[in-house]
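Asks: Have a look at the structure that comes next, please.
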Amino acid sequence: MSQQLGGQPILILKEGSSRTRGRDAQGMNITAAKAVASAVRTTLGPKGMDKMLVDTIGDVVITNDGVTILKEMDIEHPAAKMMVEIAKTQDDEVGDGTTTAVVIAGELLKRAEDLLEQDVHPTVIAQGYRQAAEKSHEILNSIAIAIKGSDSAMLRKIAETAMTGKGAEANKEKMCELVVKAVTMVADEDGTVDKDNIKVEKKVGGSIDNSEIVEGVLVDKERVHPGMPRKVKDARILLLNAAVEFKKTEVDAEINITSPDQLQAFLDEEERMIKNIVDKIIESGANVLFCQKGIDDIAQHYLAKAGIFAVRRVKKSDMEKLARATGGSLISSIDAISGDELGWAGLVEEKKVSGEEMVFVVECKNPKAVSIIVRGGTEHVVDEIERAVEDALRVVGVVFEDKKLVAGGGSPEIELSLRLREYAASVGGRAQLAIEAFATALEIIPRTLAENAGLDPIDMLVELRASHEKGKKTVGLNVFEGKAEDMLKAGVVEPLRVKTQAIASAAEAAIMILRIDDVIAASKTAAPEGMPPGGPGGMGGMGGMGGPGMDF
């Protein structure tokens, strides 16, 4: 980049830097964002297809989940990366609707491009989109249906809608049952659901039908000593976050030993220290020990002799779940061990699952932490079912908290489109064009559902619009029969938050991309001889970040 001054060019940016301005910059960003949206568009809906993603080392991921696809894709373009951020936000906030959010953002930009060609200023479009997004939120809240947290039939329908089109579909009734049961068990009195209290453990082997819920905690470890009991009934559980080993000095210290009896005395002292720790554990009345750190070999021997079931190096997250399920306290010091801090479970047992030993902590009085074991024939199947279960857990949790849902099958989008057009007429001015474009963009969801199911999108849209104009707000697209149908009666329902979040994120990202009229990209650094451009890892500026996969 250079400026002329008295015939002499002045270099402002480094040699080799690139700059794209005005309509070219907007066109380039919009094209990149649309490419990301079109990449995931075919996965939308019950008849959406899956993607196979292969990374640089040959690992394969087969999935229908929008956010997983975008995370795995090697995306280089900065505007395209913003689309990935939309999916991540949607996933963090709600857990489902990631593809919907990205597809709507792509369509909003596509419609904005048409307006830009008609010389509508980007800030006018941005203002119209903002107004439309706010109005959409208002309309969605007015058409939302309130439910009770105890309405398990409706919660099952929510889980079913989230799982439809994913690998768990064949056994969705059983999986939905597990999901709703798990969420109901961990929900607090005030209706909040912390998804972290539900552990999803996947094991290859068996079929999807063999998946089960454990009313307690599942720890993917085995007992530390074969001499310990495999099963402990009426378990008094000690949760220890300290090593059952002799104390080592904090600083480097040397011990000079001059005779063999001194060496023996030193070793005896070490053993006595460990025996003291074990005696404290026995005195507390515990017969099960879960330790977050290590357990010394000698300690293992003493614990086994005392008939105590012990597990070491348990993950911090598992320790927290155990504390919640058993009512015990996490103890961080050996000196603080006491009988008052123990948790309780009816049964602690080591069992084989798919050839691997696992510890089951079950029959707790009021387990506020539960586990779901997901089974499947191959690793790819299990991974995809796990993703489907995670999505279902999140959406059921969201409905449990918000107690509001909307009909699915593209019905909220058609209703919004209709109502936004009416609203646009009342706004007037150039912003009206942007609000109308927003209304048209929302129709991409029912249109895509129809296309993915092999139906005629125009016929379906006309039929849906006609139903909504007659005041049938919950009519959506039945992709299996190829006709408009009342989605509420058909049991296709989604949390209100899925839609509000998807539209808000999509609008914000589209506005941000639209407002960019200048892209200044730094040059790749010149490399010394014998080294690839961009330094040791080939990581240059904006252009040198790619790799195998999909470059936009």
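Asks: Semi-axes, largest first, in whole Å: what does sqrt of 5 times each Cα gyration tensor eigenvalue give for the range 51-166?
Replies: Details: eigenvalues 165, 144, 20 Å².
So the three semi-axes of the range 51-166 are 29, 27, 10 Å.
Asks: So what is the calculated 222 nm ellipticity per residue for the chain, using -39500 (n - 2.57) for each DSSP H run with n of 4 or more, over all residues, to the nearest 500 deg cm²/dmol?
Replies: Counting only the DSSP helices, I get -15000 deg cm²/dmol.
Asks: Round to the nearest 10 and give me the degree value, 0 to 90, for the angle of helix 22-41's Cα axis relative to the longest principal axis of the chain.
Replies: 60 degrees
Asks: So, by mean Cβ neighbours within 10 angstrom, what's the order for 429-442, 335-348 with the highest one leading?
Replies: Top to bottom by mean Cβ count within 10 Å: 429-442, 335-348.
Asks: Looking at Thr68, Gly48, Gly58, which one has the Cα that reaches farthest to the positive end of the dipole of the range 48-102 (charges on Cβ: Lys, Arg +1; Asp, Glu -1)?
Replies: So the residue we want is Gly48.
Asks: Still on this structure: Within the chain, what percent of beta bridges assigned by DSSP are antiparallel, to the nearest 5?
Replies: Bridges in the chain are about 70 percent antiparallel.
Asks: Which residue, Ile414, Ala310, Ser211, has the largest displacement toward the positive end of the dipole of the chain when charges sit on each Cβ (Lys, Arg +1; Asp, Glu -1)?
Replies: Positive-end residue among those listed: Ile414.
Asks: With +1 on each Lys and Arg Cβ and -1 on each Asp and Glu Cβ, and nothing else charged, work out how big the dipole of the chain is about its Cα centre, in Debye to the nearest 20.
Replies: Result for the chain is approximately 1060 debye, rounded to the nearest 20.
Asks: Average projected area of the Cα convex hull of the chain, in nm²?
Replies: The orientation-averaged projected area of the Cα hull of the chain comes to 36.6 nm².
Asks: With all pairs of different alpha carbon atoms counted, what Kirkwood hydrodynamic radius in Å does the range 321-441 show?
Replies: The Cα-based Kirkwood calculation yields 20.1 Å.
Asks: Pairs of alpha-carbon atoms within less than 8 angstrom and 6+ residues apart define the contacts here; what relative contact order does the chain have, in percent?
Replies: 26 percent
Asks: What whole number of Å gives the distance from the Cα centroid of the range 20-70 to the Cα centroid of the range 157-227?
Replies: That distance is 29 Å.
Asks: Mind putting a number on the dipole of the range 84-213 about its Cα centre? Charges go on the C-beta only, +1 for Lys and Arg and -1 for Asp and Glu, and I need it in Debye to the nearest 20.
Replies: Values: 16 positive and 25 negative charges, 78 e Å.
In total the dipole reaches around 380 debye.
Asks: Let me ask another. Would you work out if the range 378-521 is rounded, prolate or oblate? Take a ≥ b ≥ c from the square roots of the eigenvalues of the alpha-carbon gyration tensor; rounded if a/c is under 1.5, else prolate when a/b is larger than b/c, oblate otherwise.
Replies: Values: a/c = 1.67, a/b = 1.17, b/c = 1.42.
Oblate is the answer for the range 378-521, as a/c is 1.5 or above yet b/c matches or exceeds a/b.
Asks: Helix 172-186 versus the longest principal axis of the chain: what angle, 0 to 90°, nearest 10, using Cα atoms?
Replies: Relative to the chain, helix 172-186 is tipped by roughly 60 degrees.
Asks: Here's a follow-up. Taking Rh as the Kirkwood radius computed over C-alpha pairs, what is the Stokes-Einstein D of the range 203-251 at 20 °C in a medium of viscosity 1.002 mPa s, expressed in µm² per second?
Replies: My calculation gives 139 µm²/s for D.
Asks: For Glu469, Glu245, Glu320, write out the residues from largest to smallest accessible area, computed with a 1.4 angstrom probe and no ligands counted.
Replies: Descending order: Glu469, Glu320, Glu245.
Asks: Okay, next question. Can you tell me the convex hull volume per residue for the range 372-446, based on C-alpha atoms, in Å³ to the nearest whole number?
Replies: Dividing the Cα hull volume of the range 372-446 by its residue count gives 128 Å³.
Asks: Another question, then. Within 15 Å, Cβ to Cβ, of His137, how many net charges do the neighbouring residues add up to if Lys/Arg are +1 and Asp/Glu are -1?
Replies: That works out to -1.
Asks: Quantify how much of the Cα-Cα distance distribution of the range 72-123 extends past 14 Å, in percent.
Replies: Result: 61 percent of Cα pairs exceed 14 Å.
Asks: By its C-alpha gyration tensor, with a ≥ b ≥ c as the square roots of the eigenvalues, how is the range 186-225 shaped: rounded for a/c under 1.5, else prolate for a/b larger than b/c, else oblate?
Replies: Oblate, because a/c is 1.5 or more while a/b does not exceed b/c.
Asks: Relative to the Cα centre, what is the charge dipole magnitude of the range 319-427, using +1 at the beta carbon of each Lys and Arg, -1 at the beta carbon of each Asp and Glu, and rounding to the nearest 20 debye? Could you put the intermediate results ahead of the total?
Replies: Working: 13 positive and 20 negative charges, 102 e Å.
So the dipole magnitude of the range 319-427 works out to roughly 480 debye.
Asks: Residue farthest toward the positive end of the dipole of the range 182-267, with Cβ of Lys/Arg at +1 and Asp/Glu at -1: which of Ile237, Ala187, Ser259?
Replies: Farthest towards the positive pole: Ser259.
Asks: Take Gln118 and Asp456, extend 7 Å from each Cα along the Cα→Cβ direction, and tell me the distance between the two endpoints in nm.
Replies: 2.7 nm
Asks: Any idea what angle helix 152-163 forms with the longest principal axis of the chain, computed on alpha-carbon atoms, 0 to 90 degrees, nearest 10?
Replies: 70 degrees
Asks: Test of the criteria: in the range 278-354, which trypsin sites (Lys or Arg not before Pro) are in a DSSP loop and have at most 13 other Cβ atoms within 10 angstrom of their Cβ?
Replies: Answer in residue order: Lys293, Arg313, Lys315.
Asks: Which peptide among 375-382, 211-218 comes first, and what is the full order, when sorted by highest mean count of other Cβ atoms within 10 Å? Mind dumping the intermediate values first?
Replies: Details: 375-382: 17.2, 211-218: 21.2.
Sorting 375-382, 211-218 by mean packing, highest first, produces 211-218, 375-382.
Asks: What does the highest-first list of 112-121, 180-189, 266-275 look like by mean Cβ count within 10 Å? Can you show the working numbers first?
Replies: Values: 112-121: 14.6, 180-189: 18.8, 266-275: 12.8.
Sorting 112-121, 180-189, 266-275 by mean packing, highest first, produces 180-189, 112-121, 266-275.
Asks: Please compute the alpha carbon radius of gyration of the range 98-172, then divide it by the globular-protein estimate 2.2 N^0.38 Å. Two decimals is fine. Write out the running numbers ahead of the final one.
Replies: Details: Rg = 18.4 Å, N = 75, 2.2 N^0.38 = 11.3 Å.
Ratio of Rg to 2.2 N^0.38 Å for the range 98-172: 1.62.
The values are calculated or read from the model by the stated rules, or taken from the named source; none is laboratory data. What you are looking at is a predicted structure, and each value in this text was computed from that prediction instead of being measured. Reconstructed Cβ throughout: ideal geometry from the backbone, glycine too, with neighbour counts over all protein chains shown. Remember, those area values only see protein heavy atoms, side chains included, never the ligands or the DNA or RNA. Shrake-Rupley method; radii C 1.70, N 1.55, O 1.52, S 1.80 Å.
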